Structures are given as structure tokens and as C-alpha cells.
Amino acid sequence: MTVSKSLVYQLIAIVVALVFIAIVIVLVGASPVEVVSKMWTGAFGTVGQFARVVATLSPLLLCASGLLFTFTAGLYNLGIEGQIAFGAIAATFMMRFTQDAFPPALVILLAILSGGLGGAIWGLLAGILNVYGRINEIFAGLGLNFVADGLALYLIFGPWKRDGVASMSGTEQFRESLWLPTFGNTDASPIALILAIASVIITLIVLRGTYFGLRLRAVGQNLRASYVLGIPSIRQLLSAFAICGGFAGIAGALQVLAVFHRLIPSISSGLGYLALLVAMLVGFNAWMILPIALFFSALNIGSLQLPLELDLESSLSGVIQGTLVLFILLGRGLSETVNWGALRDRLPTRRSTTEA
């Protein structure tokens, strides 16, 4: 099957997904055109709304970039939510103990580095459980998610609680000099955006242009064969977990520094799971991370207008996201199945080979 035929399957899958989404919207009593219009306005209608899209985009890019390393190694890192949370905890820890001792710029830098290190450690722990504990990475990651969230709650209601009160609103807010600078009076931080775009570029270069990326793809394609060929498979797997966790930890630090300015429960805000959808759609095409993540970020922010303007649940965006991912993956799987069938038909049978 040619690339053009494979693309046809993908386009057909997108069209079918859009038709299905339109039917769902009609069934809930709304107009598909009106829903799209309100979501577009909610994402790009004002400078402030667009800034919120960018603010969501930055950690989403970081997490999706990290997930591509584990996906390339054949791993499903569902523990990325915990890695975001632990990165936020590590960044908060560093800020609490350095905010009065160092200049604000140095405190911010140390917080970002601590977040990346904390996320890498949490990701590496999932890798160790998978490689040495023989625990499937999905279950290891989900279990560590609960541990990280529980640790955040313990700190918020225990050692780091606000003076005189423990609140679900989080720890005491850091002073404004420790916030990342933003574009004007918006929520978007240029530093966060630069870090996010840098993560995409690094991912693209490493996975496509380095020996490490080549070995990672070999491990993902066939772990046993790569080991036999002398590739340090265990090191590659653990490195993928650590790199993914490091990117997610930086995203968690940015949630503290640029968005909430404190540690709160569920600080990941579901961005890890959203990044999983982005990574599944991207596949091995790292250059597609930015447009797909921007689309999901806009969908996420734009959906907030649905209950305000149309009296619809904002969770409708989750239905749209899930439907798109499901149908596109089905289209990709169908194209690969047909491609393999065509290749198999062209291969000579054992009988014809013997006769020849």
C-alpha cells in the first residue's frame, strides 16, 4: 500500500469521526455548527483566552514529548500524571527552602531543575518496577500516580499547610517575584513556552538523528532481538522512563511557577492523560506534536464556554477528543492490516518457492 492510500484511510477515519461527533451533538440537543463556533470563540475570542490556550499548551508539549521516548521504546507510561505531581512537589520543596536565601531568578531556575529531577526519579522508579519487579508499566505507573497524589495531599494538609488552616486550595501562595513572567497580564509565560518548544525540538533531534534514538526504536520493535544484537536494552528502557519523567517533572514545576503559584491537589489537571492522547495520534512523527497539542489545548479551553453559552457539559470536549483518537487509531490500524495483507499476497508461497 502506498503512502497516499494510507493517507486516504486516515482521512476517511477523520471524516467518520466528525460525522459521529456531529450525531452526538445533535442527540444532546445542540447544533454542531454552533458548538464549533462557541468553542472557537472560547479558545481564540480574546487575547486572554488565547493566552490560556498557550498556558495549557506548554506543559502539554513537554509531557507529549516525553511520552514519545517511552512509546518509541514500546512502553505505555500511564504514570506520567504522578511524574507531573512529583515534579511539582520537588519544585515546591526547593522554593520553600531557597526563597529567602537566593535571588528570585536563581530560585526559579533551581525549582525547574528540581522539578525535572523529581519527575525523572519518579519515572525511573516506574521503570525499575517494570524491569526488575516484573510489574507491567501500566500498573506500576497507575500505582505511582496514587502515591504521588497522596503525598501531595499529605504535604498540603500536613507539613506545608497554610498558617492556621489546611485547605484544598493548596499551600501558601509564593510571592509574586517567584512567579514566571507572562505576556502582559495574561496566563501565558514566554519562559514556559520556550521550554516546551525546546522539548519538542530535542525530541525530534534525539529520536530521529542520534544513535540513542535508533537503539531506542530497535528496543521498541523487538526487545529480545535488540538484546541479542548487543544493545543495552535495560539501560534504554530505564533511560526512556527517566527522560519522560524529567519532561513531565518540568511540566509540574511550570504548573507551580506559572499557573497556580503554589502546590494544589491534582496539580497535573489531567494534562498527563491528555498528553497520552496527543502521543497516540503523533505516533513516531515528532514534528506533529505541536499542531496536535495546540488543537487539543484549544479544544480543552474552548469547551469551557459550552456550559456558559449553550448549557452543555464541558465534558463534551472529552467525548470529542476520545472519538477523534479512537477513529484515527482504527483508521491507522486498518491501513496497516490492509498493507500487511497486500504484502503477504505478493510473497511467494512455500510450494512455489520449492518448485522454482
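Observations, loosely collected:
- A straight line joining the Cα centroids of the range 66-144 and the range 188-225 runs 17 Å.
- Local net charge near Leu304, Cβ-Cβ under 15 Å (Lys/Arg +1, Asp/Glu -1): -2
- Placing dummy labels 7 Å off each Cα toward the beta-carbon, the span from Ile14 to Trp287 is 1.6 nm.
- Global geometry of the range 62-171, whether rounded, prolate or oblate, following the gyration tensor of its Cα atoms and the 1.5 cut on a/c: oblate
- Listed residue (Leu153, Gly249, Thr186) projecting farthest to the positive dipole end of the chain, Cβ model: Gly249
- The residue among Thr171, Gly48, Ala91 whose Cα reaches farthest toward the positive pole of the charge dipole of the chain, with charges on the beta-carbon of Lys, Arg, Asp and Glu, is Ala91.
- Nearest 10 degrees, 0 to 90: helix 47-72 Cα axis against the chain principal axis: 50 degrees
- Of all stretches in the chain that contain no chymotrypsin sites (Phe, Trp or Tyr not before Pro) in a DSSP loop with at most 13 other Cβ atoms within 10 Å, the longest one is 133-283.
- Three-way shape label, the range 51-311, alpha-carbon gyration tensor, a/c 1.5: prolate
- Simple spin-label estimate for Phe295 and Ala101 in nanometres, 7 Å along Cα-Cβ: 4.8 nm
- Just checking the listed ones, Leu330, Leu75, Leu27: in the Gaussian network model of the chain with Cα springs under 10 Å, the one fluctuating most is Leu27.
- For the range 142-243: rounded, prolate or oblate by the Cα gyration tensor [a/c cutoff 1.5]: oblate
- Options Ser269, Ser239, Ala258, ranked by Cα towards positive dipole end of the chain, top entry (Cβ charges): Ser239
- 0 to 90° range, to nearest 10: angle between helix 211-221 axis and the chain longest Cα axis: 60 degrees
- With R₀ fixed at 30 Å, the C-beta to C-beta distance from Arg208 to Asn136 puts the FRET efficiency at about 0.60.
- Local electrostatic count at Cys244 - Lys and Arg +1, Asp and Glu -1, tallied over other residues with Cβ under 14 Å: -2
- Dipole magnitude for the chain: about 1220 debye, using +1 per Lys or Arg Cβ and -1 per Asp or Glu Cβ, origin at the Cα centre.
Read the figures in this text as sums done on the coordinates, not as results from a lab. Given the structure is predicted, the values throughout are model-derived calculations rather than measurements. For neighbour counting, all protein chains shown are included, and Cβ atoms are generated from backbone atoms with ideal geometry for every residue, glycine included.
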